[in-house]
1. What are the pairs, 6+ residues apart or on separate chains, where a residue within region 307-324 that is touching a residue at least 24 places away in the same chain (Cβ under 8 Å) has its Cβ under 6 Å from a residue that is open to solvent by less than 100 Å² (accessible area, probe 1.4 Å) and in a helix (DSSP H, G or I)?
2. In region 269-319, how many are under 30 Å from C339 (Cβ atoms), open to solvent by less than 60 Å² (accessible area, probe 1.4 Å) and of a type in the set (S, T, N, Q)?
3. Which one is most open to solvent (accessible area, probe 1.4 Å), of the residues in region 147-193 that are of a type in the set (K, R) and either outside any loop (DSSP other than H, G, I, E, B) or farther than 16 Å from F134 by Cα (or both)?
4. Given the structure, is D269 within 16 Å of ligand 2 (Cβ to nearest atom) and of a type in the set (D, E, K, R)?
5. Is one or more of the residues making up region 252-259 of a type in the set (V, I, T) and in contact with a Ser or Thr (Cβ under 8 Å, 6 or more places away or on another chain)?
6. Suppose we filter region 96-123 for residues that are in contact (Cβ under 8 Å) with a residue 40 or more places away in the chain and part of a strand (DSSP E or B); how many remain?
7. Name the residue, out of K145, K138, that is more than 16 Å from ligand 3 (Cβ to nearest atom), closer than 30 Å to D239 by Cβ and at pLDDT below 95.
Amino acid sequence: MARRLGHIQKTHPSDFEAAIAGHLAQDVADISLRQGAEVTLTSVFAVDKMMASKPEIDHAQAEGITIMGGWMPIGVVKGADGRATALRVMQCEAKMVGPRLEIKKIEGTEKDLPADLIVSAIGQAVDFTGIEEFNSGKGAVAADKNYQVTGQPGVYAGGDVIRPHLLTTAVGHGAIAADGIDQFLAGIEPGRRPKIDVHSFDLMRKYLEKGIQFGEVKGATLGTDKSKEVVHNYENRSDRYVIPHDQLFLGHFQYTARNRRHITHLNKDSALGNFQERIDPLSEAQVIAEAKRCMSCGQCFECDNCVMYCPQTAVYKVKKTETMTGRYVATDYDKCIGCHICADVCPTGYIQMGLGE
Ligand SMILES: Cc1cc2nc3c(=O)[nH]c(=O)nc-3n(C[C@H](O)[C@H](O)[C@H](O)COP(=O)(O)OP(=O)(O)OC[C@H]3O[C@@H](n4cnc5c(N)ncnc54)[C@H](O)[C@@H]3O)c2cc1C
Ligand code: SF4
Ligand code: SF4
């Protein structure tokens, strides 16, 4: 951003009073759009170990930013007027040991980087003004597995305020907290969360959506293929493991190239004053094309191969009234001779021999 904004030649007192990025940015952009500040970024990690994606690092370097990997700030050098004139740095080796950052200084490597402006971008913190009671004492909000704030029943929190991470993480916290809030309002003790909180395909939900309800299973469950109260010939493995590629019939799929996002590459000069998106989102047509590459691993995608190739006509399409996503074909075990052909020709790995054992 500092590079893109330009170089501060003329300053207003208000720039410093309201040292808010938005205000400062506006003034800088107005004053000297195409001057171009020489920007140096220091990181305690080596460049290839920095906590940034490779395209971000490549873009920054292409746009003229010098990245000094393996350097740590140790002080700010000030002039007679009390303003910073340089950042004092020294070389270091940094690594994460679990959640802890370990930094080893390399003595004798100290040097000053002359600077007009030093921007500290070393993390984020929560402003607890007015909500002090939620401070865990470690500058964050502490919450349990259901995202209920520790020691505050009925209060839920998620996202960066718990631990700065990704947008999707914050969305996931929200989803889990919503479950917890629902249980709290219903007066139910929150249940244990699964080790890995995934949302997978749920056939029972599809049945409910279709208005099909099951009765009660009474007595022994042997001979269930005749029972109307259970789903016969179906087992959802997706909530337990990922179907590996060697269980797919890959010959069924044509190679289809991935739909990649368009990336705008800028150089040192064209970066100035340029705030356009660097990585464009996929268009609607591209998103649909990308979704069509899905191989539906482990779920039936209604290709009819098994119905066509079964020599015993043992595989049949389930009745129209019972058909739904995930419920398309079933096998009549009285006819099946176990030849394995259906499993071999199933592109998605949906058919597994020996189910029901
Ligand atoms: C520079 C940067 C780049 C990032 N890049 C990515 C990325 O590429 N991909 C990715 O997935 N994530 C990225 N993240 C992380 C992502 O932005 C956050 O994890 C996510 O925004 C967290 O969402 P949140 O709702 O918890 O918090 P926020 O998005 O911070 O929302 C908190 C909201 O609460 C408001 N607020 C604060 N205090 C109060 C108060 N007292 N009263 C009322 N409202 C208040 C704030 O104004 C804000 O609107 C990036 C973060 C940063 C800083
Ligand atoms: S194992 Fe053979 S007989 Fe049995 S359903 Fe599959 S293809 Fe048909
Ligand atoms: S079970 Fe497999 S082979 Fe049969 S229709 Fe579904 S995806 Fe096709």
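1. Between residues of region 307-324 that are touching a residue at least 24 places away in the same chain (Cβ under 8 Å) and residues that are open to solvent by less than 100 Å² (accessible area, probe 1.4 Å) and in a helix (DSSP H, G or I), the close pairs are Y309/I341; Y309/V345; C310/C342; V315/C306; V315/V307; V315/C342; M324/K206; M324/K210.
2. Total meeting the criteria: 3.
3. First pass over region 147-193, keeping only residues of a type in the set (K, R): 163, 192-193.
Next, from what is left, pick out any that are either outside any loop (DSSP other than H, G, I, E, B) or farther than 16 Å from F134 by Cα (or both): 192-193.
Numbers: R192: 233, R193: 54 Å².
Among residues in region 147-193 that are of a type in the set (K, R) and either outside any loop (DSSP other than H, G, I, E, B) or farther than 16 Å from F134 by Cα (or both), the one most open to solvent (accessible area, probe 1.4 Å) is R192.
4. When the stated conditions are applied, D269 does not pass them.
5. To start, the set of residues in region 252-259 that are of a type in the set (V, I, T) comprises 256.
If we keep only those that are in contact with a Ser or Thr (Cβ under 8 Å, 6 or more places away or on another chain) too, we end up with none.
Checked against the condition, which is being of a type in the set (V, I, T) and in contact with a Ser or Thr (Cβ under 8 Å, 6 or more places away or on another chain), region 252-259 yields no hits at all.
6. 3
7. K145
The values are calculated or read from the model by the stated rules, or taken from the named source; none is laboratory data. All values derive from a computational prediction rather than experimental measurement. Note: ideal-geometry Cβ built from the backbone for every residue, glycine included; neighbour counts use all protein chains shown. Just so you know, the surface numbers come from the protein's heavy atoms only, side chains and all, with ligands and any DNA or RNA stripped out. Shrake-Rupley method; radii C 1.70, N 1.55, O 1.52, S 1.80 Å.
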